[in-house]
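Please read the structure below before turning to the comments.
The values are calculated or read from the model by the stated rules, or taken from the named source; none is laboratory data. All values reported here derive from a predicted model rather than from experimental measurement. Using ideal geometry, Cβ is built from the backbone for each residue, glycine included, and neighbour counts are taken over all protein chains shown. Surface areas here come from the heavy atoms of the whole protein model, side chains and all, with no ligands, DNA or RNA. Shrake-Rupley method; radii C 1.70, N 1.55, O 1.52, S 1.80 Å.
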Amino acid sequence: MRGSAFFPKPYIVGRRLSFGRLLGLGLFWLFVCLLFTGFGYQPWWLFLSLYIVGLIVVVPVGINSYWVIQPAIIELHTYAASTLTKFRQIVFNCPRCQLIHYTDLQRVTISYRCRKRLSPFDFNPDYFQLILKTNAQTYQLECALKASDYLPQFVSYLQRQGVTVDDPQQVVELLVSGKSLYQHFHTET
């Protein structure tokens, strides 16, 4: 229920790495390679080299970092920015895991920024982040597309844990009322 104080924990925000997703990316790239090499018209070594090099580039693009809301901590599972390092992390299923305890949080800020569209084919989402500030570091967590499923409850949970939550744009209020964030912020600008 939207705005409810309770939601299941652990709650995964983003998409965890799965075998089905890797298989889908591999099959997609297999089709593209077959298309590029003429469905067997070119030598097999050309197909194989294109497939392997392409997998090293395509798989990291299709897998993103995610975070998990736990009862006492937030787990950040992040992948490297470098393509080869990220590919190695994906193959061995070992993203960098960081734990942030709620007691270490000083402030949480909800930030929504409009993205400038340079092309009519730019379908990337706007910048929607949760900025966590601790004594040692600041973390920027990407909010998933279905933020209304977890963000109001998570903000309420953080406030009950004694964490200061800043929402200068009233994003949580918009989510609870069921309004589209995209339409609201793009009509203002």
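The table below gives the values:
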{"quantity": "Matching residues, the range 46-105, being within 24 Å of Ala144 (Cα to Cα), of a type in the set (Lys, Arg) and free of Cβ contacts under 8 Å to residues at least 24 places away in the same chain", "calculated": "Arg96"}
{"quantity": "Residues satisfying the stated conditions in the range 1-20, i.e. among the aromatic types (Phe, Trp, Tyr), surrounded by fewer than 14 Cβ atoms within 10 Å (Cβ to Cβ) and at pLDDT 80 or above", "calculated": "Phe19"}
{"quantity": "Residue count, the range 21-47 (criterion: out of contact with any helix residue (DSSP H, G or I) (no Cβ under 8 Å at 6 or more places or on another chain), assigned to a helix (DSSP H, G or I) and open to solvent by 50 Å² or more (accessible area, probe 1.4 Å))", "calculated": "7"}
{"quantity": "Leading residue by the ranking (farthest from Ile110 (Cα to Cα)) among those in the range 125-138 that are in contact with a strand residue (DSSP E or B) (Cβ under 7 Å, 6 or more places away or on another chain) and not in a strand (DSSP E or B)", "calculated": "Asn135"}
{"quantity": "Number of positions in the range 59-79 that are more than 28 Å from Val163 (Cβ to Cβ) and open to solvent by 30 Å² or more (accessible area, probe 1.4 Å)", "calculated": "1"}
{"quantity": "Selected residue (only one of Arg88, Arg113, Arg117, Arg96 is open to solvent by 70 Å² or more (accessible area, probe 1.4 Å), under 30 Å from Ile56 (Cα atoms) and within 17 Å of the chain's Cα centre (by Cα))", "calculated": "Arg96"}
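Each row is one residue, and each column tells you yes or no for (1) part of a helix (DSSP H, G or I); (2) modelled with pLDDT under 90; (3) touching a strand residue (DSSP E or B) at 6+ places or on another chain (Cβ under 6 Å); (4) open to solvent by less than 30 Å² (accessible area, probe 1.4 Å).
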| position | (1), (2), (3), (4) |
| --- | --- |
| Gln140 | no, no, yes, no |
| Leu145 | no, yes, no, no |
| Pro152 | yes, no, no, yes |
| Val155 | yes, no, yes, yes |
| Leu158 | yes, no, yes, yes |
| Pro168 | no, no, no, no |
| Val172 | yes, no, no, yes |
| Lys179 | no, yes, no, no |
